[in-house]
Amino acid sequence: PSALNEFKLSYEPIQFEDIGGLDKTIAQIKSCVLTPIMNRKPLRQMGIDPPSGVLLHGPPGTGKSLLARAIASSSPNINFISVQSTDIISPVVGESEKKLTALFRVLRDSAPAILFLDQVEVLAKKRGYDSSAQQSADRLLSCLLVEMDGMFSKQNKKVRIENDDDDDEDEQQAIIVLAATTKMELLDSTILRPGRFDYHIHVPAPDVVARHDILSKITKNMPIDPSINLYTFAEQTNGLNGADLSNICKEAALHALRRDLNGSTITLEDFKSVMNQPQSTNQQEEELLN
Ligand code: ATP
């Protein structure tokens, strides 16, 4: 347990319903991560190997970490181990590999468990990509490959099962690596093969409909002036991601508080003053108001 605590980070719970514009992605994640980890038996009966790894990829600030937290929050019986890949890297030769091996041991010992590896490109860079640190990067990649290949091997099991009980075996093998990257092109192709990261789920930049959904969810509990049209707001924020929209809404709320400490409503003026773009023309302003 102490080893688990070393890696286990506290996270703020979040529901899938609070994530905007990613309904299709959420359905994919549920079927690739949650279903296989919670229902081992049907998979085994169908003669299908459960996935070892699922990769979330897409531009920054689109909700990849949010999705991982929602998975963890939706399944309290599953241990969730969340790691920033950069925290594994050590300048001491061999130390990063030791940490990675220890992390996978913790994962196996914590089954049923999900390991979330954020910024996984740090651990699995294309061979030869970074010539100055090539040897250490290649060693780390090899270590990750070995660990992922050994996830379900008999000798790695927590306890050797004397009576070969299938249910115990299912329980012990209920582990999965969920990784996220904004730089899929940097990943070595060997890590993307079946048996390692079996599924690749794209988390896209939000289009106008998705931005509208995100804004509705972010502002759900905020006292927004009812005359503000969120769809028009979404139309005028082309190119911004969920993280940008969340920041704008938070800043606008703080601006409203500074204006009026009793915190009445967040007005169009509050939004305009925090948006880092040229002042809206009168016409845009009128559009924003119903
Ligand atoms: P990075 O790849 O840069 O680590 P990310 O894709 O993991 O980014 P998150 O860390 O999940 O993005 O998002 C940052 C913050 O932006 C979230 O905590 C949330 O407030 C907001 N956010 C991002 N995407 C969404 C979304 N789809 N719905 C609601 N909020 C979102």
Highest mean first, how do 87-94, 245-252 rank when packing is the count of other Cβ atoms within 10 Å averaged over residues?
245-252, 87-94
Return the long-range amide H neighbours of residue 116 (sequence gap of 5 or more, or a different chain), with a cut-off of under 5 Å between placed amide H atoms.
81, 82, 83, 178
For the stretch 68-131, what is the accessible area per residue in Å² when the probe is 1.4 Å?
41
Structure shown: which of 30/183; 24/98; 30/220 lie over 28 Å apart, alpha-carbon to alpha-carbon?
24/98
Work out the length of the dipole vector of the stretch 181-272 about its Cα centre, built from +1 on the beta-carbon of each Lys and Arg and -1 on the beta-carbon of each Asp and Glu, and round it to the nearest 20 debye.
220
Expressed as a percent, the accessible surface of the stretch 65-135 that is carbon or sulfur, using a 1.4 Å probe and the full set of protein chains, is 48
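The values are calculated or read from the model by the stated rules, or taken from the named source; none is laboratory data. It should be emphasised that the depicted structure is a prediction, and the values quoted were computed from it without experimental measurement. All Cβ positions, glycine included, derive from the backbone under ideal geometry; neighbour counts span all protein chains shown. These accessible areas exclude ligands, DNA and RNA; they are computed on the full protein's heavy atoms, side chains included. Shrake-Rupley method; radii C 1.70, N 1.55, O 1.52, S 1.80 Å.
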